[in-house]
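First the structure, in the form of C-alpha cells, and then the observations on it.
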Amino acid sequence: MSNEPRSVASRPRPMRDLAWILGGLVLLGAILLKAPGSPAPGRPLPWLEAIFTSTAAVCGAGLSLRDPATRWSPLGQTILGLLIQAGGIAYALAGARVAGAWFDALGEKGDNGDLQADATAHASAQTPTHFRAAHVIVGILALELIGVAALLPAWRGDLSFLHRLGQSLFHSVSAVCSSGLSIAPDGLREYRHGYLTLGVLTPLAVLGGLGVPLLHSLSGPSRAGPRRAAMRLLAVWAMAYLLGVGAILLAQLAPRAYHALALGNEPNQPVYAPLTAGTLGSLLADASFLSAASHAGGFTTQPPDELRPAAQWALIPLMLLGGLPGGTAGGLGLAALAVLLGVGRIRSSDGSADAPSPARQRLVAGAGKALLAVLACWLAGVYLLSLSEPFPVLKLAFEASSALGDSGLSLGVTGDLTAMGRGVLIALMFAGRVVPLGLLARAAEA
C-alpha cells in the first residue's frame, strides 16, 4: 500500500496552523480584556472593542480605538503586553520555520545580478538551513531585556522604579514585537527627536522586524549562502527605508521650496518659517522615524495627520511592504520584493545560461502570489471601508494599509469608525499576519 496519500495529508500547512494559533490568542485576549478589572474603572468595554484591541495586540498592528494609557487599568495594560509578546513570538517562530528555505534559495551565488548555482556549497551542505525555535525566542527576549535596560533612565518626570520598569517592559516588548502600542501619557510625543524614541525604540523595532534569523545569518557561523541571502534582504530593506525617508522629506520640503521661491501668489497659502539647519534636522529626524515605523514599530511621535498628503500617500506602500521572514513585522512584502528583484538566470559552471532551479521557480511564484494577495486584500479593504465610512479615500486607504501591514500608524479616524469599519480592520489585521506568510511558506515548503 502506498504511503503517498499519508505524506500529502501530513504536509505542513503554515497558513492554517498560524491562523489557529493567532485566532486562539485573539479570543483568549478578548475574554481577558473584557473581564472585570481590565478596563479603566467606570468605562465598560463592548465586545467589539475587546476583539479589536486583542487582534491589534496579537497581530502587532498597534491600532487602538482609545488611548491605551487611559482606557486600560494596570491589569489591562499587563494583559496587552502579554498578548503582544505571545503574538510576536508565535509569528516569528512561524516565519523562522520557512526562513531557512528562503535563505538557501536567495543565497545562490550570482554576479552582476544573475543567479549562479553554487554547486560546491550545495554539495557540502548536507542539510538545509534551519533556525531553531529556541534561538529565535532567546534572541527576541535578549533584545527586549537590552531595551528595558536602555529605557529605564530615559523616562522623564519623578517616576518610581516600578513605574519606570513597567513602562520600559511594555514599550520594549511593543517595539521588538513590532506593535507600536504605547501606554505613555499622550503617546510618545513629548519624546519626539529624543534618545528614547530615536536611540532606543527605533533600533529595537528595526531589529525585531529584520528578525533573529537574518541577524544570526549575518553574525553567526552561517554558511556563505544564507549570509549572502541576509545581505540581499538587508539591502532591500535599506533601499525601501531610504526611499521612504526621501519621499517623506520631499513631501514636507516641496511646499516650503515653492513658497521660498515665490513661484506663485495664490491666496490662502500657508506661511512657513525660514528653513534653518535646526528645522531641516527636525524634518529629517521625523522622516527617518516615520519610515522605520511604517515597516515595524508603528510608534507615533508626530501624528501622521499633520503630514502633507503626499507624505501620507508615500507611507501607504511602505506599510504594505512590512518586514522579513522570521521577524515580527507583518506584511512580508519586502521578502517577496527581494525575490522578484533578484530574479535572474542560473548559470552552469561553464558560464552558459541555464533554466532557473525548481526551488527558485517556486519562490518567484510564491512571491508574486503574496504581493498580489496583499494588493487584493488592500483594495477590498478600502472598498469595504468606503461603503460605511464618511472619510476621504486617503484616510481610508491609510487605515487599510496600516491594518494590513500591521504597522499601527493612523490618521486619527480609527476610533470614529462604525462597527462595520472596525470589523474590516480586524479582518485586515488578521490577514496581514496569515496570508503573506502562508503563501511564502507554501512556496518554500512545496
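The values are calculated or read from the model by the stated rules, or taken from the named source; none is laboratory data. Keep in mind it's a predicted model, so treat the numbers as computed, not measured. Positions of Cβ are backbone-derived with ideal geometry, glycine not excepted, and every protein chain shown enters the neighbour counts.
Summary of values
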quantity: Some residue of segment 107-124 being modelled with pLDDT of 70 or more, acidic (Asp, Glu) and exposed (fewer than 15 other Cβ atoms within 10 Å of the Cβ); calculated: no
quantity: Residue within segment 33-44 that is in a helix (DSSP H, G or I), surrounded by 22 or more Cβ atoms within 10 Å (Cβ to Cβ) and modelled with pLDDT of 90 or more present; calculated: yes
quantity: Lone unmet requirement of (1) modelled with pLDDT of 85 or more; (2) crowded, with 23+ Cβ neighbours inside 10 Å for residue 322; calculated: (1)
quantity: Single residue of segment 290-316 satisfying the filter (assigned to a helix (DSSP H, G or I) and of a type in the set (Ser, Thr, Tyr)) that is surrounded by the fewest Cβ atoms within 10 Å (Cβ to Cβ); calculated: 291
quantity: Neighbours by Cβ (under 8 Å, 6+ apart or cross-chain): first from segment 240-260, among the charged types (D, E, K, R); second modelled with pLDDT under 90; calculated: 256/272; 256/275
quantity: Tabulated pairs, segment 136-150, first over 14 Å from residue 213 (Cα atoms), second surrounded by fewer than 15 Cβ atoms within 10 Å (Cβ to Cβ) and not hydrophobic (A, V, I, L, M, F, W, C), C-beta under 9 angstrom, 6+ apart or interchain; calculated: 150/195; 150/199
quantity: Residues being surrounded by 23 or more Cβ atoms within 10 Å (Cβ to Cβ) and out of contact with any Phe, Trp or Tyr (no Cβ under 8 Å at 6 or more places or on another chain) - total across segment 86-96; calculated: 6
quantity: Condition met for residue 282 (under 26 Å from residue 395 (Cβ atoms), modelled with pLDDT of 85 or more and surrounded by fewer than 16 Cβ atoms within 10 Å (Cβ to Cβ)); calculated: yes
quantity: Count - residues of segment 175-195 that are buried (at least 24 other Cβ atoms within 10 Å of the Cβ) and either part of a helix (DSSP H, G or I) or of a type in the set (Val, Ile, Thr) (or both); calculated: 2
